[in-house]
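The values are calculated or read from the model by the stated rules, or taken from the named source; none is laboratory data. Keep in mind it's a predicted model, so treat the numbers as computed, not measured. Neighbour counts are summed over all protein chains in view; Cβ atoms, including those assigned to glycine, are modelled from backbone coordinates with ideal geometry.
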Amino acid sequence: MARPAGSPGGSPGAVLAGARVLLGVSGGIAAYKAAELARELQRAGAEVQPLLTAAGEQMVSRATFAALTGRQVPASVWDDPAAVEHVALARWGQVLVVAPATAHTLARLAAGLADDLLTNVALAFPGPVVVAPAMHTEMWEHPATRANLGLLERRGVRVVPPASGPLTSGDVGPGRLAELDDLVAGVVAALEPVRGAPGDRPGPGLAGARVLVSLGGTREPLDPVRYLGNRSSGRMGAAIVAEALRRGAEVTAVAAATTVDPPAGAHLVRVETAQQLYDAVLATADAQDVVIMAAAVADFRPKRVAEGKLKKDQGVPEVVLEPTPDTLAELGRRRRPDQVLVGFAAETGDHLAGARKKLESKHLDLVVLNHVEGAHSAFGADDADAYLVDADTIEELPRTSKAAIATHLLDRVETLHAARR
């Protein structure tokens, strides 16, 4: 396919001036809104290259998008195989936006399929990705959809969640495509690490900042086979690492036991015990601008570790515990005046009182509080109830994705970091 030159996007003051947006359109009823989104992105200064799935073209034609954007709209990877069009498109774009993203398209993206032009481009695309789900409420709430979204978020994909309102067939509920302003804001936010925040280019709020994130759960050995541990999966910490990388930070991830891999791009340090985590964090903490301790660190460890495996026929062993080193308290004691320090609290009972106590006693800027009793437990889940607690305020984040919590948290961290630079 011949590449149209395209016109420079918008005025220099526009929020997306000169941005190159790949706009994927899948086959939901909300596809007609993607035509409006293309217009809004252009008004914001962007060049827009539409990419329609076969189902998307059943809703709105390629000719419509070509007329709106002034760009040819390829039908498939077979239009001109010699041009390797999916690679050329992936190299051209600065951000990939899929709006609407149907449940089927989300599943294909999560599985890494490459069965049409859009998914081929997605696999070849190295930049930030935004998806805006739109579907019926039952499909939006299905465990498979939630799992696919969680997987995409852990890979660093930014999700603009659907709104609640009228759907097809007279139904009402969550699943409606987000409003245009929210979609454009999601594109702007995704591009900030690449292009910088409006009014503050060339770099975003954490560009070049050194950020350390601990994640996962420590394991304290009882013998060569068994250990004392906890239920932390590391998902929250991985989401924070991904968000910090998107904002341009130089990230060190100190990872204990996790069920997910920290995102590529961070300097990864693997640890197992609380002592190893203490040593790894303190070895580099003085050089960091921001330290976020999301790891679930054991408060106690066996005082004596058996040299051989403890046998059942030898009777029940007596396990004497001793405290582990308190990494967060030591960080609070050592911190520089310009350093931002964030702790996590997983509490039962009077959880807000516990978070306040940790904030004050360990000299933190902010505590992320998870209430972990019963249905509220965040352990192993893709979403959580959370509170952001500082000396003056308590911000409640009702059940939401851990990626969304990471976004809120890093917004607060950026503000603190900017004030102390």
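Brief remarks follow.
- Qualifying residue in segment 305-318 (condition: within 16 Å of Arg219 (Cβ to Cβ) and touching a strand residue (DSSP E or B) at 6+ places or on another chain (Cβ under 8 Å)): yes
- Count - residues of segment 12-32 that are more than 25 Å from the chain's Cα centre (by Cα) and under 15 Å from Ala67 (Cα atoms): 1
- Apart from one condition, Ala406 fits all of (1) among the hydrophobic types (A, V, I, L, M, F, W, C); (2) out of contact with any helix residue (DSSP H, G or I) (no Cβ under 7 Å at 6 or more places or on another chain); (3) modelled with pLDDT of 80 or more; (4) closer than 23 Å to Gly217 by Cα; the exception is (2).
- If you go through segment 224-237 and keep only what is surrounded by 19 or more Cβ atoms within 10 Å (Cβ to Cβ) and either of a type in the set (Ser, Thr, Tyr) or assigned to a helix (DSSP H, G or I) (or both), you end up with Ser232, Ser233, Arg235, Met236, Gly237.
Residue-by-condition table, conditions (1) in contact with a Gly (Cβ under 8 Å, 6 or more places away or on another chain); (2) closer than 24 Å to His136 by Cβ:
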position	(1), (2)
Thr53	yes, yes
Ala67	no, no
Ser76	no, no
Asp79	no, no
Ala83	no, no
Gln94	yes, no
Ala103	no, yes
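- Subset of segment 122-143 [assigned to a helix (DSSP H, G or I) and modelled with pLDDT of 95 or more]: Ala122
- So Ala384, is it more than 20 Å from Gly156 (Cβ to Cβ), hydrophobic (A, V, I, L, M, F, W, C) and modelled with pLDDT under 90: no
- Qualifying residue in segment 93-111 (condition: without any contact (Cβ under 8 Å) to a residue 24 or more places away in the chain, outside any loop (DSSP other than H, G, I, E, B), of a type in the set (Lys, Arg) and out of contact with any His (no Cβ under 7 Å at 6 or more places or on another chain)): yes
- Residues that are touching a residue at least 60 places away in the same chain (Cβ under 8 Å), in a loop (DSSP other than H, G, I, E, B) and more than 21 Å from Arg333 (Cβ to Cβ), drawn from segment 238-292: Arg247, Thr259, Val260, Pro263
- Tally, over segment 28-59, of residues that are surrounded by 18 or more Cβ atoms within 10 Å (Cβ to Cβ), farther than 14 Å from Pro100 by Cβ and either of a type in the set (Gly, Ala, Ser) or not assigned by TED's automatic domain parsing to the domain that holds Thr137 (or both): 3
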